[in-house]
Number of protein chains: 2
Amino acid sequence: MPSANEQAALSRLFALFSNPTRLNLLVALRSAFRSEQPELCVCDLEAITGASQSLVSHQLGALREAGLVTSRRAGRLVYYRMTAAAIATLLDDALLAVRREAA
Amino acid sequence: MPSANEQAALSRLFALFSNPTRLNLLVALRSAFRSEQPELCVCDLEAITGASQSLVSHQLGALREAGLVTSRRAGRLVYYRMTAAAIATLLDDALLAVRREAA
DNA sequence: GCAATACATGAGCAATCCTTCATATGATGG
DNA sequence: CCATCATATGAAGGATTGCTCATGTATTGC
């Protein structure tokens with residue numbers, strides 16, 4: 001029985017996950033997070049998702065504002081990474097749930 | 001690395017979870033699902049969530065259409081229940097993730 | 001300094017969503 | 001049957017969202 005605040009936080013989190021572009025970014029950052037190269041630059045994310053530079057930047061901004069990712073500038077490049085392992089595992093759990101349903 | 005289909009299914013699922021009213025319904029149905037009384041009628045859900053009859057019915061319709069809940073009529077009442085344990089556990093996982101972040 | 005590269009940001013439009021109001025359907029009791 | 005209760009559904013308006021286009025800012029190489 002989550003509190004009202006927790007439910008509000010949950011729905012905000014789910015709203016961030018519900019956009020295909022953002023989800024795509026999160027999925028990419030999740031797998032980076034698990035490798036020896038835990039961050040990706042905007043141009044990488046652009047290539048991976050196939051979305052426009054502006055769109056990627058906008059959605060990364062949303063994720064950053066929500067605290068799900070952080071950014072670090074290195075020269076002209078800006079590298080993003082997931083802030084929390086909890087988010088990465090949540091994505092895994094959700095994927096498992098979807099696969100269970102599909103089966 | 002989820003497939004494109006899986007990602008689409010994921011984002012649809014998250015979209016359903018992102019609305020506070022629907023999330024509230026799901027949370028209520030989740031705890032019912034775990035008790036000896038796994039279903040709740042619309043009027044119960046109305047009382048629990050505090051939302052209007054029409055709104056509750058609309059959102060239950062959305063959840064039903066997505067296959068997350070099923071309904072059963074008993075006289076004038078209609079009882080709803082979660083279809084999948086996977087969804088219940090996903091809600092638990094998400095709540096844990098949010099609590100981890102808040103801490 | 002200037003051009004070019006990488007990224008961020010703001011405005012704006014189309015589309016979707018959320019909720020309400022009104023009304024319809026289904027079931028029961030008298 | 002008729003009134004009533006429980007739920008479903010449709011239309012409609014306002015708000016929110018998603019994306020694009022245009023432009024701004026930061027950094028580097030020359």
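The values are calculated or read from the model by the stated rules, or taken from the named source; none is laboratory data. Keep in mind that what you see is a predicted model, and the values were worked out from it rather than measured. A quick note on method: Cβ atoms are made from the backbone with ideal geometry, for glycine too, and the neighbour counts reach across all protein chains shown. Please note that ligands, DNA and RNA were not included when accessible areas were found on the heavy atoms of the full protein model with its side chains. Shrake-Rupley method; radii C 1.70, N 1.55, O 1.52, S 1.80 Å.
For the criterion of being modelled with pLDDT of 95 or more, more than 26 Å from A:A8 (Cα to Cα), within 12 Å of DNA strand D (Cβ to nearest atom) and of a type in the set (S, T, N, Q), A:Q53 passes.
Taking every residue in the stretch B:52-72 that is within 14 Å of chain A (Cβ to nearest Cβ) and pairing it with any residue that is near DNA strand D (Cβ under 9 Å from one of its atoms) and not in a loop (DSSP other than H, G, I, E, B), at least 6 positions away or on another chain, the pairs with Cβ-Cβ distances below 6 Å are B:V69/B:Y80. Looking across the stretch A:70-79, the residues that are surrounded by 15 or more Cβ atoms within 10 Å (Cβ to Cβ) and over 18 Å from A:L16 (Cβ atoms) come down to A:V78, A:Y79. Just to be sure before I move on: is A:G67 surrounded by fewer than 19 Cβ atoms within 10 Å (Cβ to Cβ), in a loop (DSSP other than H, G, I, E, B) and at pLDDT 95 or above in the structure I sent? The answer is yes for A:G67. Every condition in (1) without any contact (Cβ under 8 Å) to a residue 40 or more places away in the chain; (2) more than 15 Å from A:P2 (Cα to Cα) holds for B:P20 except the one numbered (2).
Tell me, yes or no, whether the stretch A:80-99 has at least one residue that is surrounded by fewer than 17 Cβ atoms within 10 Å (Cβ to Cβ) and away from chain B (no Cβ under 14 Å). Looking through the stretch A:80-99, at least one residue is surrounded by fewer than 17 Cβ atoms within 10 Å (Cβ to Cβ) and away from chain B (no Cβ under 14 Å). Can you tell me which residue in the stretch B:1-48 is surrounded by the most Cβ atoms within 10 Å (Cβ to Cβ), limited to those that are in a helix (DSSP H, G or I) and away from chain A (no Cβ under 14 Å)? Filtering the stretch B:1-48 for residues that are in a helix (DSSP H, G or I) and away from chain A (no Cβ under 14 Å), the one surrounded by the most Cβ atoms within 10 Å (Cβ to Cβ) comes out as B:L45. Keeping to the stretch A:70-100, report how many residues are of a type outside the set (A, V, I, L, M) and not in a strand (DSSP E or B). The total comes to 8.
One line per residue, one yes/no per condition, for (1) within 15 Å of DNA strand C (Cβ to nearest atom); (2) within 10 Å of the chain's Cα centre (by Cα); (3) not small (G, A, S):
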residue: B:N5; (1), (2), (3): no, no, yes
residue: B:S18; (1), (2), (3): yes, no, no
residue: B:F33; (1), (2), (3): no, no, yes
residue: B:P38; (1), (2), (3): no, no, yes
residue: B:C41; (1), (2), (3): yes, no, yes
residue: B:H58; (1), (2), (3): yes, no, yes
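Considering only the stretch B:49-58, I want to know if a residue exists there that is open to solvent by less than 60 Å² (accessible area, probe 1.4 Å) and at positive phi. Checked the stretch B:49-58: no residue is open to solvent by less than 60 Å² (accessible area, probe 1.4 Å) and at positive phi.
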